[in-house]
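Input: a single structure, listed below in structure tokens.
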Amino acid sequence: MRRLLLFTLVLTTMNVTAAADYAEPEKCPRLPNFPDPLTTPSGKKWTTPADWTQQGRSELRELFQHYMYGRYPTVKPAVSAQLLFEDPSAYHGKITLREYAVTLAKGTQPVHVLLALPNGRSGPVPTFVGLNFTGNHTLTDHPKVRIPTEWMRPSPVVQKNRATAAGRGVSHRWPLETITGRGYALATAYYGEIVPDDAKVDGGLKAVLMARPATDVPGDATGAIMSWAWGLHRMVDHLTTVPEVDAKKIAAVGHSRLGKTALLAAAFDERIAVAFPSQSGCGGAGPSRNHNPKAETVKRITTAFPHWFAPNFSRFADDTARLPFDQHELVALVAPRPVLFTCATEDQWANPPGQFEVLQAATPVYRLLGVEGLQATTFPAENQLIASRLGYWVRPGKHDMSPADWQTYLTFADQWLR
Ligand code: GTR
């Protein structure tokens with residue numbers, strides 16, 4: 001009864017949690033170490049793959065929503081796309097570039113999805129999907145790519161929180177020629193078109209995704225990371241209708257807060273075949289029970305970025321041992337699908353050793369499902385890719401998603417998506 005919480009989960013025959021009375025965060029039992037992912041909160045053991053896939057997953061998804069990321073948006077998805085332009089001979093004929101205006105739910109303004117497809121491939125191709133920080137126009141200097149009009153965080157190419165033409169092609173984070181050159185497509189959208197990354201700013205689909213009835217208990221209100229993950233899911237809805245995209249080979253990718261988003265998106269949607277959270281740290285691949293003094297803590301992240309999470313999460317800030325789960329269980333929700341954690345030695349804030357421990361602790365669930373998880377027992381040397389189904393890589397250098405990092409993602413993708 002180690003993880004007994006004062007709540008009852010009422011499961012319908014459809015295996016969906018219908019109602020839950022959760023313990024207040026301060027009353028959850030203290031668990032100083034990572035909770036056993038194969039033991040339910042009420043103390044029952046998951047011993048068969050069916051236990052896990054039919055019950056374990058849905059119980060955990062409930063806990064993550066209630067205590068950490070907030071409710072999955074309840075708005076009904078209704079995805080339709082309008083092609084804004086297509087250039088079949090971009091990049092000297094190597095890439096077909098398209099941009100779509102994709103409506104994600106009825107009556108909402110569209111999100112703009114840039115799709116780069118490799119030319120000369122027969123049949124549908126494996127595809128990365130990820131949100132970007134700076135607008136689709138910063139990925140390429142192609143003049144037809146739209147400049148977003150939504151609120152944007154300050155940068156030298158942003159004026160009064162709005163993107164400008166000076167930003168065309170400035171981002172090095174999404175090397176389109178490298179990605180397509182290895183036979184992959186990339187689909188991306190500006191994250192601020194889904195929900196602005198500032199609690200004080202309205203825009204995107206915020207009013208629809210984060211709205212809660214006034215009578216509701218606000219503790220598990222939808223946070224921004226959950227909203228962005230919902231947006232990624234809708235992009236997947238759209239991609240599955242694009243004939244050039246191999247719908248069985250869609251990988252979620254993202255950097256930092258958008259890496260947290262990519263991992264959460266994979267945990268909540270089995271159509272995502274592989275997850276690539278880059279240097280995502282606390283709230284993503286990094287443990288909440290943190291032992292690295294240089295790493296970001298739950299206290300710090302919920303103070304600096306409360307809007308990313310459900311309000312409940314901040315109530316664990318002074319005592320993370322009371323969290324009924326840790327991030328290894330978010331990875332376990334992705335099982336048996338592959339995940340690659342990528343880190344940088346100078347980015348201790350994102351907790352490279354803690355991320356390694358998270359993969360180790362997720363491994364029992366992979367084994368329950370009949371596959372190997374992390375196949376390494378010691379922390380690897382710099383640049384030594386552990387390419388097992390739960391993969392890990394740490395390189396020298398700083399917090400960034402660089403073209404060199406993409407070579408590693410593509411090597412891992414070649415192994416697990418081909
Ligand atoms: C930092 C934050 C991290 C990480 C990063 C980013 O300020 O503390 O959790 O998400 O921002 O997204 O760039």
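The values are calculated or read from the model by the stated rules, or taken from the named source; none is laboratory data. Being a predicted model, the structure only gives us computed values, none of them experimental. Quick reminder, even Gly has a Cβ in these numbers, built from the backbone with ideal geometry, and neighbours come from all protein chains shown. Protein only, heavy atoms only, side chains kept; ligands, DNA and RNA dropped before computing areas. Shrake-Rupley method; radii C 1.70, N 1.55, O 1.52, S 1.80 Å.
Below are the figures for this structure:
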| quantity | calculated |
| --- | --- |
| Residue that is at pLDDT 95 or above and open to solvent by less than 40 Å² (accessible area, probe 1.4 Å), where the choices are Ala50, Ala101 | Ala101 |
| Residues of region 234-255 satisfying the condition of being in contact with a helix residue (DSSP H, G or I) (Cβ under 7 Å, 6 or more places away or on another chain) and surrounded by 21 or more Cβ atoms within 10 Å (Cβ to Cβ) | Val245, Ile250, Ala251, Ala252, Val253, Gly254 |
| Region 204-225: number of residues that are at pLDDT 95 or above and either closer than 26 Å to Leu97 by Cβ or touching a His at 6+ places or on another chain (Cβ under 6 Å) (or both) | 3 |
| Conditions (1) within 16 Å of the ligand (Cβ to nearest atom); (2) closer than 28 Å to Thr320 by Cα; (3) in a helix (DSSP H, G or I); (4) in contact (Cβ under 8 Å) with a residue 24 or more places away in the chain; number of the one not met by Gly219 | (1) |
| Pair list, Cβ < 9 Å and 6+ apart or interchain, from region 303-318 residues that are closer than 17 Å to Leu264 by Cβ and open to solvent by less than 60 Å² (accessible area, probe 1.4 Å) to residues that are acidic (Asp, Glu) and within 11 Å of the ligand (Cβ to nearest atom) | Phe305/Asp197; His307/Asp197; Trp308/Asp197 |
| Which listed residue is in contact (Cβ under 8 Å) with a residue 12 or more places away in the chain, outside any loop (DSSP other than H, G, I, E, B) and hydrophobic (A, V, I, L, M, F, W, C), from Val195, Val170, Val201, Val208 | Val208 |
| Filtered residues of region 376-389 (kept if open to solvent by less than 20 Å² (accessible area, probe 1.4 Å) and touching a Pro at 6+ places or on another chain (Cβ under 7 Å)) | Ile386 |
| Filtered residue count, region 144-196, keeping only those that are closer than 18 Å to Gly93 by Cα and open to solvent by 50 Å² or more (accessible area, probe 1.4 Å) | 4 |
| Within region 256-292, tally of residues that are within 13 Å of the ligand (Cβ to nearest atom), part of a loop (DSSP other than H, G, I, E, B) and open to solvent by 10 Å² or more (accessible area, probe 1.4 Å) | 2 |
| Hey, Glu296 within 14 Å of Lys260 (Cα to Cα), surrounded by fewer than 24 Cβ atoms within 10 Å (Cβ to Cβ) and within 16 Å of the ligand (Cβ to nearest atom) or not | yes |
| Positions within region 99-134 being closer than 24 Å to Asp202 by Cβ and either within 16 Å of the ligand (Cβ to nearest atom) or in contact with a Cys (Cβ under 7 Å, 6 or more places away or on another chain) (or both), in sequence order | Leu131, Asn132, Phe133, Thr134 |
| In region 395-406, the residues that are more than 17 Å from Pro338 (Cα to Cα) and away from the ligand (no atom under 16 Å from the Cβ) | Arg395, Pro396, Pro403, Ala404 |
| Sole residue being closer than 29 Å to Arg182 by Cα, open to solvent by less than 10 Å² (accessible area, probe 1.4 Å) and modelled with pLDDT of 95 or more, chosen from Val339, Val365, Val371, Val358 | Val339 |
